[in-house]
Amino acid sequence: MDDDALMAKLMAAFDDDAAPDQAGDEPRPSEQPFDTQRFLAGLDAIFDAHAAAKAGPYLEQAMIDAENAGDDAGLLTVLNETMGFYRSQGRHKENQWIVQRALELATRMGITGTEAWTTTLINAATAMRAAGQYDQSEDLYKQAQASSERTLAPSDRRLAALHNNLSVLYSETGKTHQAEVELGEALRILESSSPDAETDLDVASTHTNLALTLLAEDKLSAASWHAAKALEIYRNGHLEHSAHYASALAGYAQVRFHQHDYGQAVNLYCQALQVIEECYGKDTDYYRITENNLRQAEHEASEHAPANVSQDVSQDASAGGNGSGTPGAAPAGTPSAAVPSATASHTGTSPICGLKLARECWNAYGKPLIADKYPEYQGRIAAGLVGHGSECYGFDDDLSRDHDFGPRFCLWLTDEDYAAIGERLQADYEALPQSFMGYGPRESTARAQGAG
């Protein structure tokens, strides 16, 4: 949206219906009422246009307008929106003044014990947490919890926001188990109240937060699943231009970094920076922190060049055929179905070949699965892709995905290892979700299943 179009929307949001009778007259409250809905519509127009630079002046003018109109409720709405915006911009010092003003105004209005009071407490606590004022933040969150018990229904999504934000506080203060508990409760509320949890932005954000918390607890496989699930939801709902998408990308990048897949981490961090720049600009804490993480990933990628080839497989089979050339290949029961939800390397704009898709699946899920559940067999299992589909020969493109194409990888075990863990590994593999990177579920032909 260009500036002229944006200004037209803002002018529509704030018509000068009650202009002073004479030039130079000061507007009086009765002459120029504050329209909260128009204010919110104008703010939405700014964010929809990714014109964050205009939001600050717009909010500051709205504060003046609401105060001149004597509209305390309107002013409280503006202050709540300002807290969120200043937090996103890293303007924490200024935000502490906004927090104080909002709490004093709400107290003066006598709204303690109402939903508006609960919402204001949550926003204030989150702003103080972002400013590093953890003691004040926790105290405000506890007040918000007590207020919410009286004002919000058990399925109210604002309760989920409270649990989500409180989990971030616990994560930042090293209380990771408490953080995981809060996130589990947030996810339960959101999934039960959502009309479609598979396209719900709040559900996706909670999966990202849970992934990072599990990562801090060294639960790598579970962290990888939740981070990928978040990206799948963003793509299902076509939410890739949401500002929150950057957090999902950066969260998955962090998981891949811990999986030593530094090249993929670099790719994900770069995508996250593009979204942050588009939505907030470069002069923000979000951009600086993510850029610093990118530099670390780039350093590790250069240190581990030329490529991140899996070190715990004895053979990476990628040619077509029946796999008979793979030493110790199990003739039956070898997992080769679909794998979990999503990674960030596929944006839906450029196709990915089947071999690369298979490698991405292995690095994201197969490797962590074996490390978590079968650690004593690491280094004894081969991973790759074989079969009758054109992707196994490297001939696949958008037109040739006529059969057997989709997310999968194969694992080969020695006869001895297959006898010990084959059935259990097969069950674990088949329990994984059926889509990945926007592809799937895979539809296999009879021939691919061994018929004939």
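Read-outs: derived from the displayed coordinates by stated rules, not from any lab. A quick note: this is a predicted structure, and the numbers were derived from the prediction, not measured. Here Cβ is always computed from backbone atoms with ideal geometry, including for glycine, and neighbour counts include all displayed protein chains.
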Run the numbers for Lys356 and Glu298: contour at 0.36 nm per residue of separation, minus the present Cα-Cα distance, in nm.
18.8 nm
Determine the alpha carbon to alpha carbon distance for each of Lys54/Lys175; Lys229/Lys356; Lys54/Lys229 and list only those over 27 Å.
Lys54/Lys175; Lys54/Lys229
Net charge near Ile98, counting Lys/Arg +1 and Asp/Glu -1 over other residues with Cβ under 14 Å of its Cβ?
-1
Counting other C-beta atoms within 10 Å, which of Cys279, Cys270, Cys410 has the fewest, and how do the rest follow?
Cys270, Cys279, Cys410
So how do Leu249, Leu103, Leu385, Leu215 line up by other beta-carbon neighbours within 10 Å, fewest first?
Leu103, Leu215, Leu385, Leu249
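Quick check on the exposure proxy: order Ile370, Ile421, Ile189 from fewest to most C-beta atoms within 10 angstrom.
By the 10 Å Cβ count, ascending: Ile421, Ile189, Ile370.
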Extend 7 Å from the Cα of Arg157 along its Cα-to-C-beta direction; within segment 217-241, residues with backbone N under 20 Å of that point are 229-241
I need the calculated FRET efficiency for the pair Ala371 and Asp48, taking r as the beta carbon distance and R₀ as 30 Å, to the nearest 0.05.
0.10
Grab the other residues whose beta carbon is less than 10 angstrom from that of Asp200, score K and R as +1, D and E as -1, and report the net.
-3
